[in-house]
1. If you average over every viewing direction, what projected area does the convex hull of the Cα atoms of the range 75-117 give, in nm²?
2. With a 1.4 Å probe and every protein chain left in place, work out the accessible area per residue of the range 15-170 in Å², rounded to a whole number.
3. Considering only the other residues whose Cβ falls under 14 Å of the Cβ of SER38, what net charge follows from Lys and Arg at +1 and Asp and Glu at -1?
4. What is the sum of charges, Lys and Arg at +1 and Asp and Glu at -1, for the other residues whose Cβ falls under 11 Å from the Cβ of ILE24?
5. Could you order ARG92, ARG54 so the one with the most accessible surface comes first? Probe is 1.4 Å.
Amino acid sequence: MGSVLHDPAGEPTFEPMIQIDMEIKTFVSAWKHCDYVSTYIARMISQNRSDSVRHSNLFSSAFNELLEVAFRTRHADGELACRVSRHGATDRIELTFPCMPEERQFYQEAASQVAGFEARERYLNSVSGDLAPSREVVLLELAVDYDATLRVEEADGDAITLVMDLPLEGLQH
C-alpha cells in the first residue's frame, strides 16, 4: 500500500479532477443549470469507480443539492466555480460563489450545525414538518444521507467557498 500524501496542515492531498467556471448571472438564469452541471461532472468523475453508475447517480444527487443551495444566492455579479478533487474513496467538491454578508453568516452557522453530533436528530425533526426544505435542511440532508462533511472557507471579494467531502465509494445504502 502506497503512502498517503498530506499538505502542510496535515490534511490528505486531494488530486484535482475537473473544474467548471461560469458567470453567476448565467447560472442563476435557469434552475435546470443545477442538474446539467451536476450530471455532467458526475459522469466525468465516476467512470473509474467500482460501480460507476451508482457512483454517478449518488454524486449527481448530492452535488445537485449543493448547487441548488448556491442557486439561491441574491448576488447578481461574479463567478461560480465548481472544482472536484479526489483522495481515495472521497470526492471533494469546492463550490465558490458570490455571497452577501448575511448569507455568509448563514452558511457559517449552518456548516457548524451540520457538523454537530445532533445533526441527524435536527434533520429528522425538520423533515417531519410541512415546510418546504430550507437551505439548512438541504445541508443537513447531505451530512446525514451522504455522510458528507461540510465547511465554509473565505474566498476573494464577496464570495465564499463551500467545501463538501463525499465518501461515496464506501457509502452503504
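The values are calculated or read from the model by the stated rules, or taken from the named source; none is laboratory data. Because the structure is a prediction, the values reported are computed rather than measured. Note: ideal-geometry Cβ built from the backbone for every residue, glycine included; neighbour counts use all protein chains shown. Ligands, DNA and RNA are excluded from the accessible area calculation, which covers all protein heavy atoms including side chains. Shrake-Rupley method; radii C 1.70, N 1.55, O 1.52, S 1.80 Å.
1. Dividing the Cα hull surface by four gives the mean projection, 4.0 nm².
2. 50
3. Overall, the nearby charge balance is -1.
4. Cβ neighbours under 11 Å give a net charge of -3.
5. ARG54, ARG92
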